[in-house]
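One structure is given here, and the rest of the page talks about it.
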Amino acid sequence: MEGESRARFLRRFLGMDRDIAGVLLVLAIAQLFGWGTLGLPAIAGNDIAADLHIALPMVFAGTSTLYVTMGLCAPLLAEAFRRLGARRVMMAGTVISALGFVTLACAHEAVLYFVAWTILGAAGSATLSTAAYIMLNEVAGRNAKGAIGALMLVTGLSSSIFWPTTAFLSHLVGWRGTALIYAAAMAFVCLPLYAFALPRRSIARVKASSASDDAAAPPAAAKATFVLVVAALALNAFVSFGFSAILVELLKAQGLSAAQAVGFGSTLGIVQVSARGIDFLGGGRWDGITTGLVAGALLPVAMLILIAGGGAIWAIAAFILIYGLGSGALAVARATIPLVFYDQAAFAKASSHIALPLNLISAAAPPILAALLTRFGSNAVLELALACSIGALAMLFVLGRRRRTIGIAAAS
């Protein structure tokens, strides 16, 4: 009876059965390690810069290299995900990730340092968020939204868990030793999880699943719809990833002291994770487009409040709350909107191709917004973010109408 009650709870409130919950647990652990270990420069940046005799911005450019490489490699893996399945691709990517951390530990000059981040970027395209979403889509099909939301809820805590871990290890064994420990974690924690705890995908199952999903799915999304999806997600990602990098400096430009800016900025992550939790609990009642429309409408409101507030504490607090709720839920929408338009067979290809512009945006947004903030001030940044948010919201409205059109066509 207790087992049945637990299963009913999972189905009713989380929208997943035990098999999906098991896959979700494995992916949550592996994604925590995958994203958390990449935060090494954020904690040990000064030590790395001193050892390699490079400037601190060059150290953080390694992360930009990671995102660019992930974006460029993602479309190349679309066919591998389709033919081999996410499990095998993720296993291979984990081996490459371990190699990347070993290379990082061996770096004594800038060239090998950036080679290491290039390797880690290639590995990330095969193991991190997009790969995990493809895996969940393989086991849950078009019902993967709740599981993806749950995964994002957990992985949002990666920095909270791994930043203190990295600080402790760096103090104990240095940043090179920490990189070697993380290489071992890839090889002896993540790889066994992928190899032995994820379901194997047989060719027969793939064909049967694809045929079944094709029968129930709407017609394939048109190319114009794909462009709209990419443009809407990219505009929102530009704001979200850019603000995540410059938020403290933006708040200081609004008149806060350094301590106040850090204090307000540190609450943003809590609000964003809370928004993901709210979306997760209601994930069975609305799709990615609805989440995107509601969350996307909050961003322009937040920007207008901060512009009109003139640095007032109430305006900054309101901005953090409203922007945090919107950007937190939009992170879920970016991952789940493709589920609205693509069936199980097409999801891997679509997600891999969408990852290219999103990762390039992730790399480009921080320096662009930082330069704008430095040269023209905080209002220029907020006005650009406002324009991007309104543009993305308009595209989501169009996608909402196309969603209904596709649904009518499928029914008829």
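The values are calculated or read from the model by the stated rules, or taken from the named source; none is laboratory data. As the structure is a computational prediction, the values presented were derived from the model and not from experiment. All Cβ positions, glycine included, derive from the backbone under ideal geometry; neighbour counts span all protein chains shown. These accessible areas exclude ligands, DNA and RNA; they are computed on the full protein's heavy atoms, side chains included. Shrake-Rupley method; radii C 1.70, N 1.55, O 1.52, S 1.80 Å.
Numbers below:
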{"read-out": "Complete set of residues in the range 244-277 that are in contact with a Ser or Thr (Cβ under 7 Å, 6 or more places away or on another chain) and either open to solvent by less than 30 Å² (accessible area, probe 1.4 Å) or within 18 Å of GLY156 (Cβ to Cβ) (or both)", "value": "LEU250, GLN254, GLN272"}
{"read-out": "Residues of the range 344-365 that turn out to be more than 16 Å from the chain's Cα centre (by Cα) and either open to solvent by less than 30 Å² (accessible area, probe 1.4 Å) or of a type in the set (Phe, Trp, Tyr) (or both), as a count", "value": "1"}
{"read-out": "Flag if SER352 is more than 30 Å from LEU120 (Cβ to Cβ) and of a type in the set (S, T, N, Q)", "value": "no"}
{"read-out": "Residues (open to solvent by less than 20 Å² (accessible area, probe 1.4 Å) and either over 25 Å from THR69 (Cα atoms) or touching a Ser or Thr at 6+ places or on another chain (Cβ under 7 Å) (or both)) located in the range 366-387", "value": "SER378, VAL381, LEU382, ALA385"}
{"read-out": "Answer residue from the range 333-365, given it is in contact with a Ser or Thr (Cβ under 9 Å, 6 or more places away or on another chain) and of a type in the set (D, E, K, R) and is farthest from GLY296 (Cα to Cα) among those", "value": "ASP343"}
{"read-out": "So THR69, is it touching a Gly at 6+ places or on another chain (Cβ under 7 Å) and more than 18 Å from LEU180 (Cβ to Cβ)", "value": "yes"}
{"read-out": "Inter-residue pairs, beta-carbon under 8 Å, first among the polar types (S, T, N, Q) and in the range 16-38, second modelled with pLDDT of 95 or more, 6+ apart", "value": "THR37/PHE101; THR37/TYR182; THR37/ALA185; THR37/MET186"}
{"read-out": "Counted residues, the range 321-338 - those being open to solvent by 10 Å² or more (accessible area, probe 1.4 Å) and farther than 23 Å from ALA132 by Cβ", "value": "3"}
{"read-out": "Flag if ALA295 is on the phi < 0 side of the Ramachandran plot, without any contact (Cβ under 8 Å) to a residue 40 or more places away in the chain and open to solvent by less than 10 Å² (accessible area, probe 1.4 Å)", "value": "yes"}
{"read-out": "Any hit, the range 55-63, residues being assigned to a helix (DSSP H, G or I), of a type in the set (Phe, Trp, Tyr) and open to solvent by less than 50 Å² (accessible area, probe 1.4 Å)", "value": "no"}
